[in-house]
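> Dumping the structure here so I can ask a few things about it.
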Amino acid sequence: MKQYRVAILGCRSRGTSAARVYYAHPRTQVVGLCDLLEDRLNTLGDELNIDARFTDLDEMIRQTQPDLVAIPVAPALHAPLALRVLEHGVNIEIEKPMGLDLEETDAVMNKAADKGVQVAVHHQWRLSAWNQAINHAYQAGQIGELRYIYASGKGYYGGFGLMEIGTHLLTHVIKFGGDCRSVTAYATTRGRPITPQDVLPAPRGNGIIAGDRVSASLQFDNGVTGTLLQHQFDKINLDAHVVELCGTEGRLMWHPRGAWYLANPHVLPANRDEWQALEPIYPDSFEQALEQMPHGGGLNEGDYWFAEEYVSALDEGREHECSGAAGRHVIEIIMGIFESAAYGTQVDLPQANRVHPLLRWRTENGLTPPEPMPMPDDEWLAEENRRLVS
């Protein structure tokens, strides 16, 4: 069977995780690493014994001729670097968010179509062992007909959470609900409705955002409704980070650390112990791959499932489950949420106007784009707090 050649563009933490997975998977071979910082490049290259190390991505692709390039770089670079890689006519996997607005995601998808190659967005939680267990139970009909989906973030500043963890939550949601056709949202800053002055650049370079608390109601193709909450907490609370599927005969709940089933659609405080823990489901080759890791290094099972799915998709000539089309739809929903919160109206998807709605809102109110802010979360939040009390 074909061995797929993979090049890694970016050797930070996410790049390291990707490289380890493609190194360990029996159907993939890491043929090149690229990073502008040679210490990161050499640390990862030495760990995995990969000599093909580059500081120029075009040279890496020309010399290594990969089937697939992984692009685990900073968010602001996702779309620009994807476009550079796609010029070579090679399949890509790109970290989330796929782009910072619809204009960026459209450009990536148009270029991929022109070149006849695949785009996959690295929503590894959609494919993780816990979500495999959820999907298995769902497909077996354990909760009956799906009625409602609930999803919540872990407590980041709301608009930032939407562009960060919200991308993962939304790809979970559309896996079960189907395409989202309309959005109604409400966003606040310090308890009051957002204004054009509250439009800001997000931490970590995650684009333009607004609102410390964002609540959205979503309507899906199959008649299912959903609620997405991205509410800022005083401190991060991982217990709040869940996706719940509510059916006519039961409920399923996903969390990064587990998955549960309840054979009762209407749980009451007295019967919370009825939740049954599900068993995680791993790829057949996962244990063998772990044993092959050098220096006892570990593997992220969600990332491994992502690679497993890419191999299957390339074998079968089909799109990855976390396709570029699905990744773009996630950004459509997010932009729809921001637009609905700004203009106070329901937004139908997909949008005809692909310009970022928050920037459009500022322009219509006589404001220029917002000034740059610090990238680190803590420094960004301190500056935002100063803005709000000035």
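> Report the Cα-based extents of the stretch 329-390 along its three principal axes, largest first, to the nearest Å.
36, 27, 18
> So how much slack lies between Gln139 and Glu87, counting 0.36 nm per residue of separation and subtracting their Cα-Cα distance, in nm? Kindly include the intermediate steps, with their values, before the conclusion.
Details: separation 52, 0.36 × 52 = 18.72 nm, distance 3.91 nm.
Length gained, Gln139 through Glu87: 14.8 nm.
> Then there is this: Calculate, in nm to one decimal, what Thr43 and Arg360 gain on full extension: separation in residues at 0.36 nm each, minus their alpha carbon distance. Could the numbers behind the result be given before it?
Values: separation 317, 0.36 × 317 = 114.12 nm, distance 4.36 nm.
My answer for the length gained is 109.8 nm.
> Can you pull the one-decimal nm distance between simple spin-label points at Thr368 and Ile236, each 7 Å off the Cα toward Cβ?
Each label point is offset 7 Å from its Cα along the Cβ direction, giving 3.5 nm.
> For Ile337, Ile61, what ranking results if the residue with the fewest other Cβ atoms within 10 Å of its Cβ goes first?
On the way: Ile337 30, Ile61 22.
In order of increasing Cβ crowding within 10 Å: Ile61, Ile337.
> Give the order of Ile194, Ile8 when sorted by the count of other beta carbons within 10 angstrom, beginning with the fewest.
On the way: Ile194 24, Ile8 31.
Fewest-to-most ranking of Ile194, Ile8: Ile194, Ile8.
> Taking only DSSP H segments of four or more residues, each worth -39500 (n - 2.57), what value at 222 nm results for the chain once the sum is divided by all its residues, to the nearest 500 deg cm²/dmol?
On the way: 13 runs with 147 residues, N = 390.
Calculated from helices alone, the mean residue ellipticity at 222 nm is -11500 deg cm²/dmol.
> Right, another one. With springs only between Cα atoms under 10 Å apart, run a GNM on the chain and tell me which of Gly247, Gly297, Gly15 wobbles the most.
Gly297
> Then there is this: If the viscosity is 1.567 mPa s and the temperature 4 °C, what Stokes-Einstein diffusion coefficient in µm²/s follows for the stretch 1-159 when Rh is the Kirkwood radius over Cα pairs? All intermediate terms of the calculation are to be shown ahead of the outcome.
Working: Rh = 17.2 Å.
The Stokes-Einstein estimate is 75 µm²/s.
> Using 1/(1 + (r/R0)^6) with R0 = 30 angstrom and r between the beta carbons of Asn110 and Thr248, what's the FRET efficiency to the nearest 0.05? Show your work: numbers first, answer last.
Numbers: r = 41 Å, r/R0 = 1.37.
It comes to 0.15.
> Can you tell me which of Tyr157, Tyr343, Tyr23 moves the most in a GNM of the chain? Springs connect C-alpha atoms under 10 Å apart.
Ranking Tyr157, Tyr343, Tyr23 by mean-square fluctuation puts Tyr343 first.
> What is the order of Glu104, Glu249, fewest Cβ neighbours within 10 Å to most? Could you put the intermediate results ahead of the total?
Working: Glu104 23, Glu249 12.
Final ranking by Cβ density, sparse to dense: Glu249, Glu104.
> For the stretch 192-250 and the stretch 1-78, write down the distance between their C-alpha centroids in whole Å.
Taking the Cα centre of the stretch 1-78 as reference, the centre of the stretch 192-250 is 33 Å away.
> Pull out a ≥ b ≥ c, the square roots of the eigenvalues of the alpha-carbon gyration tensor of the stretch 39-87, then state rounded if a/c is under 1.5, prolate if not and a/b is larger than b/c, and oblate in the remaining case. Don't skip to the end; give the middle numbers.
Working: a/c = 2.28, a/b = 1.38, b/c = 1.65.
In terms of gyration-tensor shape, oblate.
> Determine the percent antiparallel among the DSSP beta bridges restricted to the chain, to the nearest 5.
Working: 39 of 62 bridges.
Among the beta bridges of the chain, antiparallel pairing accounts for roughly 65 percent.
> Return the FRET efficiency for the residue pair Arg181, Asn300: r is the Cβ-Cβ distance, R0 is 41 Å, and the value is rounded to the nearest 0.05.
E(calc), rounded to 0.05, equals 0.80.
> At R0 = 30 Å, how high is the FRET efficiency between Gln3 and Glu103 if r is their beta carbon distance? Nearest 0.05 is fine. Walk me through the numbers on the way to the answer.
Values: r = 37 Å, r/R0 = 1.23.
Once rounded, the FRET efficiency stands at 0.25.
> Most fluctuating residue of Thr363, Thr171, Thr105 in a GNM of the chain with Cα springs under 10 Å: which is it?
Thr363
No value in this document is a laboratory result; all are computed from the given coordinates. Keep in mind that what you see is a predicted model, and the values were worked out from it rather than measured. Methodologically, a virtual Cβ is constructed for each residue, glycine included, from the backbone with ideal geometry; neighbour enumeration extends over all protein chains shown.
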